[in-house]
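The values are calculated or read from the model by the stated rules, or taken from the named source; none is laboratory data. Remember, predicted model here, so these are calculated numbers, not experimental data. A quick note on method: Cβ atoms are made from the backbone with ideal geometry, for glycine too, and the neighbour counts reach across all protein chains shown. These accessible areas exclude ligands, DNA and RNA; they are computed on the full protein's heavy atoms, side chains included. Shrake-Rupley method; radii C 1.70, N 1.55, O 1.52, S 1.80 Å.
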Amino acid sequence: RGIRLSKDIVKVAGKTMQKNLTILGPYVLPLSEQAKVVFSLVARFLMKTLNKAFKTKKFPPVKVYVPDFKRGVDHFCIHAGGRAVIDGIEKNMKLEQFHTEASRMTLLNYGNTSSSSVWYELEYIMEQQKSNPLKKGDRVMQIAFGSGFKCTSGVWLKL
């Protein structure tokens, strides 16, 4: 009885976050990043179609381009659910250490406060972060995870 977490939780979290960011991407990414995604999807479709048409595997598979969210977002508030969560998102999104500073400091100071940690992180960015201070016009992305398995995100603009 009770709750059991398997090792699949990381895979499920990754897929949930991917779907969430796929929906959010067109709203925050510059057109150059969006164009790269569309180009890679078209190229992938064409290669698959050619391989089917010629019944061969001569045409190499094309990986879908993973957009660089740092091109459209200046600060990240990542669910401080543990060091592994922060490390995983930092690695997969290719973030710099200063992007995850607020998440790590929130985890250190408050522990895992579930998805509400993103608000502590926003406060840290606004009032304490020296390595990447919040300026007028900056965008802040909040990414939080919940039970079930849910992922939600929001992007704020500093006025």
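Under Stokes-Einstein, with the Kirkwood radius over Cα pairs as Rh, the value for the chain at 4 °C and 1.567 mPa s is 75 µm²/s. Dividing the mean sequence gap of close Cα pairs (under 8 Å, 6+ apart) by how many residues the chain holds gives a relative contact order of 23 percent.
Rounded to the nearest 20, the Cβ-based charge dipole of region 2-77 about its Cα centre (Lys and Arg +1, Asp and Glu -1) stands at 600 debye.
Axis of helix 83-92 versus longest Cα principal axis of the chain: the two differ by about 40°, to the nearest ten degrees.
Helix 117-127 and the longest principal axis of the C-alpha atoms of the chain enclose an angle of approximately 70°.
Solvent exposure of the chain amounts to 69 Å² per residue of accessible area, where only protein heavy atoms count and the probe is 1.4 Å. Projecting the Cα atoms of 134, 56, 113 onto the charge dipole of the chain (Cβ charges, centred on the Cα centre) puts 56 farthest toward the positive pole. Under the shape rule built on the C-alpha gyration tensor, where the axes satisfy a ≥ b ≥ c, region 1-80 is oblate, since a/c reaches at least 1.5 while a/b does not exceed b/c. Is the shape of region 67-116 best called rounded, prolate or oblate, per the rule: a/c under 1.5 gives rounded, else a/b larger than b/c gives prolate, else oblate, with a ≥ b ≥ c the square roots of the Cα gyration tensor eigenvalues? Verdict is prolate for region 67-116. Take every DSSP beta bridge whose two residues both sit in the chain; close to 65 percent of them are antiparallel.
The charge dipole of the chain, taken about its Cα centre with unit charges on the Cβ of Lys, Arg, Asp and Glu (plus for the first two, minus for the last two), comes to roughly 1140 debye.
In whole angstrom, how far apart do the alpha carbon centroids of region 1-76 and region 118-145 sit? Spelled out, the Cα-based centre of one part sits 26 Å from the other. Taking GluC sites (Glu not before Pro) across region 94-135, the ones in a DSSP loop with at most 16 further Cβ atoms lying within 10 angstrom of their Cβ are 96. Checking the Cα-Cα distances for 7/158; 15/158; 57/150; 63/130; 91/135 against a 32 Å cut-off, the pairs over it are 7/158; 57/150; 63/130. In the chain, the longest principal axis of the Cα atoms and the axis of helix 8-28 are about 90 degrees apart.
In loop segments of region 55-128 as defined by DSSP, the trypsin sites (Lys or Arg not before Pro) with at most 15 further C-beta atoms inside 10 Å of their C-beta are 55, 57, 58, 63, 94.
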